[in-house]
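These notes concern the structure reproduced below.
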Amino acid sequence: MSREHLMNTYGRYDVTFEKGVGCKLYDVNGKEYLDFISGVAVNCLGHSHPVIVNAIKEQSQKLIHISNYFWNTEHTKVAEKLIENSDHKNVFLCNSGTEAVEGALKLGRKYGKLKGGPDKHTIIYMEDSFHGRSMGALSVTGQGKYQESFKPLIGGVKSVPFNDIEALKKAFDANVCALILEPIQGEGGINTADIEFLREARRLCDEHDAILIFDEIQCGMGRLGTLFAYKQFDVIPDVICLAKALGGGFPIGAFVANEKARDVLVAGDHGSTYGGNPLASAVSAAVLTELVEGGVVAKVTEKGNYLKSKLTEIKDKYGVIKEVKGMGLLIGISLTVSPKDFASLCFKKGFLVATAGTDVVRLLPPLNVSSEDMDSALAIIEEVVKEFSIKG
Ligand SMILES: *Cc1c(COP(=O)(O)O)cnc(C)c1O
């Protein structure tokens, strides 16, 4: 083992995985884990799903990569699926979440230049947000711990407390070109946007002719019970950033633009060598078909409500849990104890959960999680809560 050869940028658990099936992962010693992290909301169909395996197999034998000098048979399928299920008009394909955000920010900046000249370049973002690790996305990520070591970041950005309508109004002026937010903040602690806040964001972007960007990289692609997260809030953004579950485990990202934003970026403005390559696109198109036509997304709300009601029972029985929050299968459990300790104890019991914000444990099961796996997860959570409640 040569773990020291990898740059040490993650706090990893001491386990090496070799295989996965559905909601289960197996380490090199054959030990089984129940996976409620799903590669951080990526493996929406679980591990080794035949739809994904077959798409990779079939497309890789035909064509893996060409370049964006040409069309291919697959990238149009992804775009078609996304447009079919949204109020939007066209799509840019890239490879990751942070790239989707970069592209959306560039679109916002160019829109501002076109509409109001060079001064219309301010981008507003939210405190406690997470938009990615590249310099642009990092500049609108409202968490000091991610930003501090890398300053100076890009200029012309301004942060506002999440869900603070008055602060948002105050931050807005004619020089704002874009506003970016997550309908539910994932990394920041499963904080859900108030509908009134989103409506005001929409109204202000209309009033000042700015681009409203929703980052649905974590909460989109079915996790909230609709393919697009914004449908749960009845506020339509101009641009939507996607990644994570979009490829079900195969790297792909995208941003989607409505009528207002569709023709802002033109030939030469933006690009990606890998973006929309045939292999990634074929997998994504297959995943989207399974999520929507396969009926996976349609069952998410019911599954999420089941988990939340059972978790609320555990909360009422033992304490330790302060609040059960989130929507669909993006569930946050805020705790009176350290979420890191909580997740570590789950890990020891063969159950994988992620943390978020300062006091939250996040449940991100695959969207096709079975009742059996949900019940196993709930049984372990109850055990762990019980142990913490005894420790006091
Ligand atoms: C994960 C995430 C990103 C970054 O995605 P990467 O693929 O890691 O670059 C951006 N925004 C949100 C909301 C995310 O959850």
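The values are calculated or read from the model by the stated rules, or taken from the named source; none is laboratory data. This one's a predicted model, so the numbers in the text were calculated from it and none came from an experiment. Reconstructed Cβ throughout: ideal geometry from the backbone, glycine too, with neighbour counts over all protein chains shown. Only protein heavy atoms, including side chains, enter the accessible area calculation; ligands, DNA and RNA are left aside. Shrake-Rupley method; radii C 1.70, N 1.55, O 1.52, S 1.80 Å.
Would you pick out the residues in the range 109-143 that are buried (at least 23 other Cβ atoms within 10 Å of the Cβ), within 25 Å of ALA267 (Cβ to Cβ) and either under 20 Å from the mean Cα position of the chain (by Cα) or at pLDDT below 95 (or both)?
Answer for the range 109-143, where residues must be buried (at least 23 other Cβ atoms within 10 Å of the Cβ), within 25 Å of ALA267 (Cβ to Cβ) and either under 20 Å from the mean Cα position of the chain (by Cα) or at pLDDT below 95 (or both): just ALA137.
Going by what's in this entry, would PHE92 be described as of a type in the set (Phe, Trp, Tyr) and assigned to a loop (DSSP other than H, G, I, E, B)? Spell out how you get there, then give the answer.
Numbers: of a type in the set (Phe, Trp, Tyr): yes; assigned to a loop (DSSP other than H, G, I, E, B): no.
In short, no.
So that you can scan it fast, the table gives a plain yes or no per residue for (1) assigned to a loop (DSSP other than H, G, I, E, B); (2) closer than 19 Å to TYR13 by Cβ; (3) open to solvent by 20 Å² or more (accessible area, probe 1.4 Å):
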position	(1), (2), (3)
THR301	no, no, yes
TYR306	no, no, yes
LYS310	no, no, yes
ASP316	no, no, yes
GLU323	no, no, yes
GLY326	no, no, no
ILE331	no, no, no
ALA343	no, yes, no
PHE347	no, yes, yes
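Let's see how each residue does on (1) outside any loop (DSSP other than H, G, I, E, B); (2) within 16 Å of the ligand (Cβ to nearest atom):
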position: THR98; (1), (2): yes, yes
position: LYS115; (1), (2): yes, no
position: PRO118; (1), (2): no, no
position: GLY136; (1), (2): yes, yes
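Listed here are the residues, each with its yes/no results for (1) more than 16 Å from the ligand (Cβ to nearest atom); (2) without any contact (Cβ under 8 Å) to a residue 40 or more places away in the chain.
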residue: GLY22; (1), (2): yes, no
residue: GLY30; (1), (2): yes, yes
residue: GLN59; (1), (2): yes, no
residue: ASN68; (1), (2): yes, no
residue: LEU82; (1), (2): yes, no
residue: VAL101; (1), (2): no, no
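Restricting attention to the range 352-382, which residues are surrounded by 15 or more Cβ atoms within 10 Å (Cβ to Cβ) and either charged (D, E, K, R) or outside the structural domain of GLY39 (by TED's automatic domain parsing) (or both)?
ASP359, ARG362, ASP373, GLU382
I need the full set of residues from the range 232-258 which are under 18 Å from GLU80 (Cβ atoms) and more than 13 Å from the ligand (Cβ to nearest atom), in order please.
Listed by number, the residues that qualify are GLY248, VAL256, ALA257, ASN258.
Regarding ASN54, is this residue part of a loop (DSSP other than H, G, I, E, B) and not hydroxyl-bearing (Ser, Thr, Tyr)? Walk me through it before giving the result.
Details: part of a loop (DSSP other than H, G, I, E, B): no; not hydroxyl-bearing (Ser, Thr, Tyr): yes.
Taking the combined requirement at face value, the residue does not satisfy it.
Look at GLU372 and say whether it is in a strand (DSSP E or B) and free of Cβ contacts under 8 Å to residues at least 24 places away in the same chain. Show your work before the answer.
Numbers: in a strand (DSSP E or B): no; free of Cβ contacts under 8 Å to residues at least 24 places away in the same chain: yes.
Criteria not met by GLU372.
I'm trying to understand the selection: among the residues of the range 1-40, which are among the aliphatic types (A, V, I, L, M), open to solvent by less than 60 Å² (accessible area, probe 1.4 Å) and either in contact with a Gly (Cβ under 9 Å, 6 or more places away or on another chain) or part of a helix (DSSP H, G or I) (or both)?
Here is the first cut: in the range 1-40, the ones among the aliphatic types (A, V, I, L, M) are 1, 6-7, 15, 21, 25, 28, 34, 37, 40.
Checking which are open to solvent by less than 60 Å² (accessible area, probe 1.4 Å) leaves us with 15, 25, 34, 37, 40.
Within the range 1-40, LEU34, VAL40 qualify.
Looking at GLY350 and the list (1) at negative phi; (2) over 22 Å from the mean Cα position of the chain (by Cα), which single condition is not satisfied?
Single failed check for GLY350: (1).
Which numbered condition trips up GLY39, out of (1) within 16 Å of the ligand (Cβ to nearest atom); (2) assigned by TED's automatic domain parsing to the domain that holds SER376; (3) in contact with a Pro (Cβ under 8 Å, 6 or more places away or on another chain); (4) not β-branched (Val, Ile, Thr)?
Checking GLY39 against (1) within 16 Å of the ligand (Cβ to nearest atom); (2) assigned by TED's automatic domain parsing to the domain that holds SER376; (3) in contact with a Pro (Cβ under 8 Å, 6 or more places away or on another chain); (4) not β-branched (Val, Ile, Thr), the one that fails is (3).
Return yes when GLU200 is within 12 Å of the ligand (Cβ to nearest atom) and among the acidic types (Asp, Glu) and no when it is not. Lay out the reasoning, then the answer.
On the way: within 12 Å of the ligand (Cβ to nearest atom): no; among the acidic types (Asp, Glu): yes.
So GLU200 does not fit the description; no.
Before we move on, is TYR274 in contact (Cβ under 8 Å) with a residue 40 or more places away in the chain and not assigned by TED's automatic domain parsing to the domain that holds ALA354? Talk me through it step by step, then tell me what you get.
Working: in contact (Cβ under 8 Å) with a residue 40 or more places away in the chain: yes; not assigned by TED's automatic domain parsing to the domain that holds ALA354: yes.
Criteria met by TYR274.
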